[in-house]
Amino acid sequence: MQNHFSLFQLPAQFEIDLATLDAHYRKLQAEVHPDKFVNASPAERMQSMQMATLANEAYQTLKQPTARARYLLQLQGIATDEEQNTAMPADFLMSQMEWREAMEDAKFGKDIPALERLLSEMHLAAKDLQQQVNTELADAPQAAAMTVRKMRFIDKVTEDIHQIIAQLED
C-alpha cells in the first residue's frame, strides 16, 4: 500500500509545498470522486469510494503540521503516544501553565485583544516547534516524538483560544 506522500507524489519529508499538495489532492479527487462512477460496476463504485476516502484522510494528515510529523514518525515505526505519555520538560510545563492562566484571565476579562496576542504567541511557538521537529525527524526521531507531543499541546491551546474568542464575539 502506498503512503500518503506517494499518493500525492510528494517527498516523504516534513517540509512540503502545500500548494502542490492542494493541487494533487484536487486532481486525485476529480479522478476518483464517486459521482464519476454512478454507472460503474458495484466493485468499481466501492473502489472509487475507498480511494476518495483515502485521499481525504491523507490530505487532512499532510496539510496539518502536527499530523504530518506524527505520520512521518509512524512511517519509521515510532509512536508518539500522546494520550499515554504526557511527561514534558519542566520549562514547557511552566509555559503551559502560563498560557492557560493568560487564556483564563483574558476569558474572564472578556479581553479579545489579549486572546489575539496569546494566539500570536502560540503561532510563534508552533513555528519554532515545527522547525525543531523538521530537524529531529532526520537526526533524532525519538526526540521528534516529544516535539510532536508539544506541538499537539500548542494546537489544543490554539483551538481553545479560538473557541473562547468565538464565544465572546457572540
| Which of the lysines could a cross-linker span from LYS36 if the Cα-Cα distance has to be under 23 Å and same-chain partners fewer than 8 positions apart are dropped? | LYS27
| So which chymotrypsin sites (Phe, Trp or Tyr not before Pro) in the stretch 35-95 end up in coil per DSSP with only 10 or fewer other C-beta atoms within 10 Å? | none
| What is the Cα radius of gyration of the stretch 22-160 over 2.2 N^0.38 Å, N being its residue count? | 1.38
| By how many nm would the segment from ASP155 to MET46 grow when fully extended, if each residue of separation counts as 0.36 nm and the alpha-carbon distance is taken off? | 35.8 nm
| remark: Nearest-0.05 FRET efficiency for MET97 and GLU31 at R0 = 41 Å, using Cβ-Cβ distance, is 0.25
| Helix-derived mean residue ellipticity, 222 nm - over the chain, DSSP H n ≥ 4, -39500 (n - 2.57), to 500 | -25500 deg cm²/dmol
| request: Filter the trypsin sites (Lys or Arg not before Pro) in the stretch 96-152 down to the DSSP loop ones having no more than 15 other Cβ atoms within 10 Å, then list what survives. | output: LYS110
| Within straight cross-link reach of LYS150, meaning Cα distance under 30 Å, which lysines are found once same-chain residues fewer than 8 apart are removed? | LYS63, LYS107, LYS110, LYS127
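Taken together, the values in this text are just the output of simple stated rules run on the coordinates, not laboratory data. Because the structure is predicted, anything quoted here is derived from the model rather than measured. All Cβ positions, glycine included, derive from the backbone under ideal geometry; neighbour counts span all protein chains shown.
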